[in-house]
1. Can you pull out every residue in the stretch 255-269 that is of a type in the set (A, V, I, L, M, F, W, C), modelled with pLDDT of 95 or more and assigned to a loop (DSSP other than H, G, I, E, B)?
2. Would you mind finding the one in GLY78, GLY113, GLY95 that is in a loop (DSSP other than H, G, I, E, B) and either modelled with pLDDT of 90 or more or out of contact with any helix residue (DSSP H, G or I) (no Cβ under 6 Å at 6 or more places or on another chain) (or both)?
3. Of everything in the stretch 217-242, what is of a type outside the set (Gly, Ala, Ser) and at pLDDT below 95? Give them in sequence order.
4. Please find, among GLU246, GLU208, the residue that is modelled with pLDDT of 95 or more, in a loop (DSSP other than H, G, I, E, B) and surrounded by fewer than 20 Cβ atoms within 10 Å (Cβ to Cβ).
5. Among the residues in the stretch 92-107, are any within 27 Å of ASP197 (Cα to Cα) and surrounded by fewer than 21 Cβ atoms within 10 Å (Cβ to Cβ)?
6. Just to verify a result, which residue in the stretch 51-63, among those that are more than 17 Å from ALA249 (Cβ to Cβ) and crowded, with 21+ Cβ neighbours inside 10 Å, is modelled with the highest pLDDT?
7. Would you pick out the residues in the stretch 116-140 that are in contact (Cβ under 8 Å) with a residue 24 or more places away in the chain, exposed (fewer than 13 other Cβ atoms within 10 Å of the Cβ) and not in a strand (DSSP E or B)?
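The values are calculated or read from the model by the stated rules, or taken from the named source; none is laboratory data. Please read these numbers as outputs of a predicted model, since none were measured by experiment. Here the Cβ is made from the backbone with ideal geometry for all residues, glycine too, and neighbour counts use every protein chain on show.
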Amino acid sequence: MPVTSSSRAAIAISMAIQNGSLSKLQSFNGIFAIYKKQGPTSADVLNTLKKALLKEAGVANPNPRKRNKQPLKIGHGGTLDSNASGVLVVGIGEGTKMLTTMLAGSKKYRAVGELGKATDTLDVTGNVVEEKSYDHITKEAFEEKLKQFTGEIMQVPPLYSALKKDGKRMSVLLKQGQEVEAKPARPVTVYSLSLQDFSPPYFTIDVECGGGFYVRSLVDDLAKALSSCAHIKELTRTKQGQFTLEEHALKEDRWTLTDISQALQPCPNPSGQQKNAKKAKSNVSCSYYGSLNGGRGGQNSHTERGSAHRDEEDIYLH
């Protein structure tokens with residue numbers, strides 16, 4: 001009888017278990033943070049991480065995109081646009097079920113914007129759709145206007161976003177040439193907003209916000225309030241939940257079993273209510289998407305329904 005590819009994979013996994021490394025990897029249950037560099041999507045980064053861990057554990061020719069019969073369950077809890085960098089929180093094992101709970105709290109971003117040019121995606125990856133003068137904007141006027149965008153505010157999500165219309169992501173529909181109407185404004189929270197540098201046409205701001213907030217929309221709205229236009233050139237997430245860029249985000253050279261085991265935040269013991277919730281049918285949907293600051297489509301991901309304003313932090317299970 002010929003040996004099939006699935007049989008070879010099963011043999012490889014069996015051999016890996018015998019050497020103990022895969023058993024160690026499969027014993028991981030919790031969350032940790034990695035550093036996502038600018039360029040790849042969040043989904044691509046997760047696949048790279050998973051492939052590295054499986055390879056170290058002894059799995060021959062691991063295919064991180066193939067979900068069936070995978071010896072490792074892994075996911076991320078906060079999608080970042082491909083053009084963005086920073087903290088990407090990862091759940092492993094039972095930690096994938098705890099991402100939403102353990103990531104409660106604020107997020108922090110540092111954004112570099114450019115005045116005078118607006119793009120269709122509201123960041124540097126899009127096409128310029130408008131140009132306006134910005135010479136009249138002073139540092140003092142800029143800082144004064146920031147006050148209007150602090151606290152509980154209403155915000156319209158970008159058209160290029162993870163939000164859906166008729167079950168499909170708006171970003172995908174736009175790329176297909178279909179017309180998409182903007183979603184209605186919704187309440188979001190900005191805990192702090194400060195200007196770090198003002199060198200027209202460029203400016204740098206620090207933002208601490210709650211869930212469902214789009215930094216791209218903030219920059220667009222802020223420039224409009226100043227009778228100009230703008231888009232984001234660079235975006236870095238410096239904090240998500242308890243994880244900060246400086247203290248917790250592992251660079252790619254530290255995506256090892258040893259480093260992750262030391263950085264892993266274990267899952268808390270489930271309460272009675274959580275145990276009952278586990279018995280309920282999982283309500284997870286498949287969709288194709290992946291990006292940082294409220295993704296704009298392009299990667300196969302799983303998003304967890306039922307959690308409000310998950311656009312900037314879609315749960316991706318792999």
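1. Listed by number, the residues that qualify are TRP255, LEU264.
2. After applying the criteria, what remains is GLY78.
3. GLN240, GLN242
4. None of the other options fit; the residue is GLU246.
5. yes
6. Going through the qualifying residues, I end up with LEU54.
7. Scanning the stretch 116-140 gives SER133, ASP135, HIS136.
Conditions (1) surrounded by fewer than 16 Cβ atoms within 10 Å (Cβ to Cβ); (2) part of a helix (DSSP H, G or I); (3) modelled with pLDDT under 75, marked per residue:
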site: PRO2; (1), (2), (3): yes, no, yes
site: ILE11; (1), (2), (3): yes, yes, yes
site: MET15; (1), (2), (3): yes, yes, yes
site: PHE28; (1), (2), (3): no, no, no
site: GLN38; (1), (2), (3): yes, no, no
site: ALA43; (1), (2), (3): no, yes, no
